[in-house]
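Heads up: the structure comes next, in structure tokens.
Throughout, read-outs are computed from the coordinates displayed, never taken from laboratory work. All of these numbers come straight from a predicted model, not from anything done at the bench. Neighbour counts are summed over all protein chains in view; Cβ atoms, including those assigned to glycine, are modelled from backbone coordinates with ideal geometry.
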Amino acid sequence: MSDHFAHNLDLDPHRYVWVNPHYIMPDHAVGERRSVPAVWWGVSLTAGRTLGCHVLLESRALVLDLPLIALHCRPDVVHLSSNPSGPWDCFSDAGEIVAPAYLDNARVYLLDQKHQITNERGRILFGVDFHDGNGYSRHPAQHKILWVIARDNGLFAWLPQDQMLVHEESFTDGPLLVPKIKRQELVWRNEGWRDPQPAAE
């Protein structure tokens, strides 16, 4: 992984995926093809666009900037919908891959945009954190890492952390509910520290 902020980011490890042929072949060449094997080796970030996916096809061709919706986790997926893979576009042209070992391949429950539990499940592959985006990205209440999720239905999703719940068998417990989490509104600093709790009387 690169430790600097960049427009093109390396995926380490690379991922084996399948590409919807309608995104990479002329219509007359698609025929009966359902999916094309590929190695997903990188991504690109462009503000106002969805995550760009860089792949190597088995034909030896490199294809850049495919939308995430063009990639599948399994070869048997037939998906021609134009629905996006998530609610957000890139916040900036620069960022970094976030791939914590603890969350690698962790099971998740997907939530909808109203933070309600859906029937969808998946696994975390990696996240993207943005640098030098707009003012929203810098404000604690708006800071979002967008996580790439391999959904159980064979498609990918790109969701902020408040649209998923992580299941970790050795730690998470209790009924599946959406917890009430306080939004991080304050900018925390060591200098000029101010206790956010009201003083005891």
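Observations on the model:
- Note on P(r) over Cα pairs in 10 Å bins from 0, in percent: of the candidates (i) 8, 31, 33, 19, 6, 2, 1, 0; (ii) 7, 29, 30, 19, 10, 4, 0; (iii) 9, 39, 39, 12, 1, the value calculated from this structure sits at (i).
- Exposure proxy ranking for T172, T50, based on other Cβ atoms within 10 angstrom of each Cβ and starting from the fewest, stands as T172, T50.
- Candidate aspartates and glutamates for bridging to K144, where Cα separation is under 17 Å - those fewer than 8 sequence places away on the same chain excluded: D89, D93, E96, D112, D129, D132, D162, E185
- When you restrict to C-alpha pairs under 8 Å that are six or more residues apart and normalise by the size of region 8-167, the relative contact order lands at 20 percent.
- Charge dipole (the chain, unit charges on Cβ, about Cα centre) - positive-most of I117, A94, W40: I117
- Neighbour counts of other Cβ atoms within 10 Å put W41, W193 in the fewest-to-most order W193, W41.
- Ranked by the mean number of other Cβ atoms within 10 Å per residue, highest first, peptides 98-106, 143-151 order as 143-151, 98-106.
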